Ligand SMILES: *Cc1c(COP(=O)(O)O)cnc(C)c1O
């Protein structure tokens, strides 16, 4: 009896042991399978060559990091970086002995007329003269009339904050109207009923926040509605860096898909290949920042509809130009909510909407998506706390400024500004194509950005060769602030209202710059290559550029601590 029961026990234990063993094996193979599926998805999305190159870069970076553990190498690299930082600081944060400087609070506060005088001095520091239209982007309107309108708005809404909607009803109303004006401009679907469905949006502090909010909304929607815990998004290589920021902030895997070399539009076949069950979002730009191309939104929409995923159109730059192309008599392409798969659009009122900086709008096809943008905390001791976007308190003065700019411009004003600005870009593109056989224009820009590169780039550096960054250096000396692009090396100008009267100057100065570089016995590579060429060319270069970019942040944020006070009274 005792023996029998102990046998039974042994066999039971044995069976249990076997069950645990089996469970272990099952779990093991399940994990292996998960890993395998992940690797396959990754390879499918990236392609073998890109995946191999990325793996190689990771290895080189690890090796470099190991080498940095050697004191001799570390000291050398640190020394060189310190020198670069000093150079940057000298250029970007020079000392102004005559300017009022406070790195700690003054013991006694300044009288208001002293504050006014100090502000006047600070606004008079030597600066780039953007009024002449030689700066790419940056100041989009720049007219005194618009400045007066902003000041009027700021003055009347100086203390307002939409967080307290009941205290500041005017700002709440204007906030909603800015969103509504954008929705109507982008042909958002009309609501079926007062609280249900239909296009919806919020204002934000800028294009980056609009993009961050959209990515957060799609991530949270995917988790809540489809149980996706490892979200992925697919973006064109040419998309704005704010999407990389969103990927970092919100833990979304990001796939960058190459663009077509000729059209500069994202390669649709490669987007399709990158889609898998974890994909939450496709992105297209209208237009993109680097070369101003508009991705094929209709083709992206077909993919989005078929796979039931979101499609965001980044119209941050297109803002108040792209919706006016047709009215202004220029060719256009589908880009807005009339394309069925488009589920959200970001539009910067503070670019071609001519609003003061700190203003943008994020729009969704329906409230069902927007609700995932909100953040709600019900258990906070301070009360139930709900905000639509990143900020808590927000400057009502900026909302008033945006509202005032929009209603001041109107459909007629924006149509005219589109005619002028896109007209200027077309004259530049045409001039470069016609009179500069050494250069080529990237893609076929439909809006305000024109990017151009050298046909002889990378073909040695003998006489007659034309490294484009060297041309950029000469344009800088002539007072132009163009953007240097990488991959391929190129320069771009984003035309604004101020560029309209500077087109002839631009083409003339470009002619001089190109001729000068061509006449050189041995043209250099241009100082821009310092930052751009190195970054893409080599793995270690990329690492160093990253370190240098962080140093750049340190410099522009100016580490003035510990404080030394030199108060200058006027
Ligand atoms: C400017 C821009 C953004 C957003 O930039 P912010 O500086 O944050 O307003 C996003 N996408 C594109 C294409 C842009 O040009």
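The values are calculated or read from the model by the stated rules, or taken from the named source; none is laboratory data. Bear in mind the structure is a predicted one, so any value in this text is a computation, not a measurement. Note that we place each Cβ from the backbone using ideal geometry, even for glycine, and neighbour counts take in every protein chain shown.
Here are some notes:
- Region 192-201: number of residues that are farther than 25 Å from residue 316 by Cβ and surrounded by 13 or more Cβ atoms within 10 Å (Cβ to Cβ): 1
- Of the strands (runs of 3 or more DSSP E) lying entirely inside region 230-299, those carrying at least 1 residues that are touching a strand residue (DSSP E or B) at 6+ places or on another chain (Cβ under 8 Å), within 14 Å of the ligand (Cβ to nearest atom) and closer than 18 Å to residue 209 by Cα are 232-236, 279-285.
- When residue 408 is tested against (1) modelled with pLDDT under 95; (2) not in a strand (DSSP E or B), only condition (1) is not met.
- Of the residues making up region 161-179, at least one is crowded, with 22+ Cβ neighbours inside 10 Å, over 27 Å from residue 278 (Cβ atoms) and within 16 Å of the ligand (Cβ to nearest atom).
- Within region 328-355, being assigned to a loop (DSSP other than H, G, I, E, B) and within 12 Å of the ligand (Cβ to nearest atom) holds for 348, 349, 350, 351, 352, 353, 355.
- Residue list for region 109-137, restricted to those being surrounded by 14 or more Cβ atoms within 10 Å (Cβ to Cβ) and in a loop (DSSP other than H, G, I, E, B): 110, 133, 134, 136, 137
- Residue within region 430-437 that is within 16 Å of the ligand (Cβ to nearest atom), at pLDDT 95 or above and touching a strand residue (DSSP E or B) at 6+ places or on another chain (Cβ under 6 Å) present: no
- Residue list for region 422-453, filter: crowded, with 18+ Cβ neighbours inside 10 Å and within 22 Å of the chain's Cα centre (by Cα): 422, 425, 442, 443, 445, 446, 447, 448, 449, 450, 451, 452
- Filter result for the condition that a residue is within 29 Å of residue 494 (Cβ to Cβ) and more than 16 Å from the ligand (Cβ to nearest atom), over 368, 416: 416
- Any hit, region 203-217, residues being in a loop (DSSP other than H, G, I, E, B), within 16 Å of the ligand (Cβ to nearest atom) and within 21 Å of residue 375 (Cβ to Cβ): yes
- Residue ID - nearest to residue 317 (Cα to Cα), chosen from residues in region 227-251 that are free of Cβ contacts under 8 Å to residues at least 12 places away in the same chain and out of contact with any helix residue (DSSP H, G or I) (no Cβ under 9 Å at 6 or more places or on another chain): 244
- Yes/no for residue 13 being within 25 Å of residue 275 (Cα to Cα) and not assigned by TED's automatic domain parsing to the domain that holds residue 257: no
- Annotation: residue 358 fulfils all but one of (1) within 16 Å of the ligand (Cβ to nearest atom); (2) crowded, with 24+ Cβ neighbours inside 10 Å; (3) in contact (Cβ under 8 Å) with a residue 60 or more places away in the chain; the unmet one is (2).
- Condition met for residue 409 (surrounded by 15 or more Cβ atoms within 10 Å (Cβ to Cβ) and more than 16 Å from the ligand (Cβ to nearest atom)): yes
- So residue 317, is it out of contact with any helix residue (DSSP H, G or I) (no Cβ under 7 Å at 6 or more places or on another chain), crowded, with 24+ Cβ neighbours inside 10 Å and over 13 Å from residue 340 (Cα atoms): yes
- If the condition is being away from the ligand (no atom under 16 Å from the Cβ) and within 23 Å of the chain's Cα centre (by Cα), then region 302-324 contributes 304, 309, 310, 324.
- Just one of the listed residues (101, 116, 85) is assigned by TED's automatic domain parsing to the domain that holds residue 555 and in contact with a strand residue (DSSP E or B) (Cβ under 8 Å, 6 or more places away or on another chain), and it is 101.
- Selection status of residue 99, modelled with pLDDT of 90 or more and surrounded by 12 or more Cβ atoms within 10 Å (Cβ to Cβ): no
- Boolean, residue 184 is farther than 20 Å from residue 334 by Cβ, away from the ligand (no atom under 16 Å from the Cβ), surrounded by fewer than 24 Cβ atoms within 10 Å (Cβ to Cβ) and without any contact (Cβ under 8 Å) to a residue 40 or more places away in the chain: no
- Scanning region 42-83 for residues that are in contact (Cβ under 8 Å) with a residue 40 or more places away in the chain, closer than 19 Å to residue 237 by Cβ and surrounded by 12 or more Cβ atoms within 10 Å (Cβ to Cβ) returns 44, 45, 46, 47, 57.
- Within region 190-202, if we keep just the residues that are in contact with a helix residue (DSSP H, G or I) (Cβ under 9 Å, 6 or more places away or on another chain) and in a loop (DSSP other than H, G, I, E, B), the residue that is nearest to the ligand (Cβ to nearest atom) turns out to be 199.
- Subset of region 160-173 that is assigned to a loop (DSSP other than H, G, I, E, B) and without any contact (Cβ under 8 Å) to a residue 12 or more places away in the chain - its residue that is farthest from residue 397 (Cα to Cα): 166
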